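Everything on this sheet refers to the single structure shown next.
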Amino acid sequence: MPMFQSLEKWVSEVADVPPAELAADEDFWARIRSGYRLKPDYINLENGYYCFLPQETLENFIHHVREVNYQGSYYMRTVQWDNKRSMAARLAELLGSSAEEVIITRNTTESLDTIIGGFPWQKGDEAVMAEQDYGAMLNMFELQARRYGVVNRRVSLPNHPASDQEIVDLYANAITPKTRLLMVCHMVNITGQILPIRKICDMAHSKGVEVMVDGAHAFGHIYFNIQDLDCDYYGSSLHKWLSVPLGSGLLYVRKTHIPKIWPMFAEGPREPDDISRLNHTGTHPVHTDLAIGNALDYHLRLGPERKEARLRYLQQYWTSQVRDWPHVEVNTPRDPQRACAIANVGIKGMEPRQLAEKLMKEYRIWTVAINRPGVRGCRITPNIYTTPRELDVLVKALKEMG
C-alpha cells in the first residue's frame with residue numbers, strides 16, 4: 001500500500017520553514033485537511049475524546065483487519081506477540097525510554113489503573129492527586145481507600161497559576177511522611193493546562209514519593225522526552241493525539257519499579273522485572289496494534305514540532321480574541337507554553353450544559369460541557385485539520401452570547 005506519499009511530498013516542500021511560521025500557513029494545512037474525511041453536519045471541536053484517523057491511516061488499519069481475518073489463528077499463534085513488541089518498541093523510541101519499560105494497553109485508564117490497583121499499598125498509606133484529575137483514576141484511588149485503607153489527599157489546581165513554583169508548592173504541601181504516590185496530569189484534560197512535571201517529580205522524589213503521570217492528552221500532542229520528566233510511571237491513550245484507532249494506549253514503568261507492581265490479570269511465569277507480566281488481557285484486537293505503526297509514520301512524517309506549533313497556534317488564535325471580554329471566562333492559562341490545543345471557555349451566568357447545547361443547536365459546533373471543581377465551561381479541542389475560519393464561528397458565537 002502507498003505510505004503517505006502525498007504527505008511526504010508536502011512536508012519536503014516546507015522542510016526549511018520554521019514550525020512557528022508554518023503554523024500560520026493555511027495553504028499547507030489545507031493540504032493536511034484534505035487527507036481527512038470530515039462530517040459536514042457540524043464543526044468538530046471535541047477532538048480531545050478521540051482524534052479520528054486521517055484516511056491513509058484508516059485505509060492501512062482496514063488492510064490490517066482484512067489480513068488478520070485472512071490468516072486467522074495462524075497469525076495469532078505465530079507473529080502476534082512479535083508484532084506487538086515491535087510496536088511497543090517504536091512507541092518507546094518516540095517516548096525516549098527503553099523498550100523494556102513500555103507496554104501497549106487499551107487506554108490511559110487501563111494503564112494508570114494497573115499502577116493504582118497494583119501498587120503495594122499498606123493501610124494508612126497516602127496518595128496525592130488533584131480535584132481536576134480524570135474521574136476514572138480518582139475512582140480507582142477511592143477503590144483502594146475502601147479496599148486497603150489508603151488515604152487520598154486532593155489539591156485543587158488554579159486555572160491561571162502565577163508560576164511553576166505555585167503548582168509545585170501546592171503538591172508539596174499535600175505530602176506527608178505517609179505519602180507513597182503522587183498522581184499528576186501532564187496536560188489537564190478539562191482545561192489543557194500543561195503542568196511542570198519535572199519540577200514536581202524533583203520535589204516529590206526529594207521527599208521519597210513516586211510520581212505517576214496522566215499523559216492521556218500529552219503524548220503525540222506536545223514534544224517531550226520521558227527522561228526529561230524523570231517520572232516513575234506514565235500512561236497515555238494513543239487514540240487521542242497520535243490518532244491510532246480506538247482502544248489503544250501505552251504504559252511506561254521505570255524498570256526498577258516493575259517487580260513491585262501486581263498485574264491486573266494473572267500472567268504465566270515471568271522474570272520480576274519483565275514488564276510483559278503487567279500486560280495480560282487475553283485475546284484482543286491485534287489489528288489495532290499494527291495500526292500504531294502507521295499512525296507513528298504519519299506523526300513522524302508530519303513532524304512533532306510542526307504539529308505542536310499548529311495546535312498551539314489554533315488555540316491562541318481564538319482564545320486571544322475572547323479572553324478580555326467581560327462575559328467570557330477562559331479557564332486555560334494565557335501563557336502559550338502552559339497550554340497547546342486544548343482550552344476551556346465559559347459564559348458567565350450560563351451553565352456549561354446550556355452553552356454546549358447552544359453551540360451545537362445554533363452554531364453547529366460540537367464540543368463538550370465540563371462542570372468540575374473550579375472549571376465550568378466547554379472544552380474546545382481543535383485538531384490539525386481545523387481551520388481558523390471554523391474557529392471564527394466559535395468566536396462569533398461567544399461574542400453573540402454577551
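The values are calculated or read from the model by the stated rules, or taken from the named source; none is laboratory data. This structure is a prediction, so every number in the text was calculated from the model and none was measured. Neighbour counts run over all protein chains shown; Cβ positions are idealised from the backbone, glycine included.
Numbers at a glance
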{"quantity": "Tally, over the range 230-274, of residues that are part of a loop (DSSP other than H, G, I, E, B), β-branched (V, I, T) and surrounded by fewer than 24 Cβ atoms within 10 Å (Cβ to Cβ)", "calculated": "1"}
{"quantity": "Cross-chain or 6+ apart pairs with Cβ under 6 Å, the range 155-177 first and in the same structural domain as M203 (by TED's automatic domain parsing) and modelled with pLDDT of 95 or more, then basic (K, R) and part of a helix (DSSP H, G or I)", "calculated": "D164/K199; V168/K199"}
{"quantity": "Test: residue in the range 204-213 that is closer than 25 Å to R372 by Cβ, of a type outside the set (V, I, T) and modelled with pLDDT of 95 or more", "calculated": "yes"}
{"quantity": "Subset of the range 146-180 that is β-branched (V, I, T) and under 20 Å from G135 (Cβ atoms) - its residue that is surrounded by the fewest Cβ atoms within 10 Å (Cβ to Cβ)", "calculated": "V151"}
{"quantity": "Filtered residues of the range 181-229 (kept if buried (at least 19 other Cβ atoms within 10 Å of the Cβ) and in a helix (DSSP H, G or I))", "calculated": "I197, I200, C201, M203, A204, I226, L229"}
{"quantity": "Entirely in the range 44-97, the helices (runs of 4 or more DSSP H) that have 2 or more residues that are under 23 Å from F224 (Cα atoms) and either touching a residue at least 12 places away in the same chain (Cβ under 8 Å) or out of contact with any strand residue (DSSP E or B) (no Cβ under 9 Å at 6 or more places or on another chain) (or both)", "calculated": "80-95"}
{"quantity": "Residue in the range 110-121 that is over 30 Å from L246 (Cβ atoms), in contact with a helix residue (DSSP H, G or I) (Cβ under 6 Å, 6 or more places away or on another chain), surrounded by fewer than 14 Cβ atoms within 10 Å (Cβ to Cβ) and not β-branched (V, I, T) present", "calculated": "yes"}
{"quantity": "In the range 313-331, the residues that are without any contact (Cβ under 8 Å) to a residue 12 or more places away in the chain and either in a helix (DSSP H, G or I) or under 11 Å from K399 (Cβ atoms) (or both)", "calculated": "S320"}
{"quantity": "Criterion: modelled with pLDDT of 95 or more and in contact with an Asp or Glu (Cβ under 7 Å, 6 or more places away or on another chain) - qualifying residue of I32, I43", "calculated": "I43"}
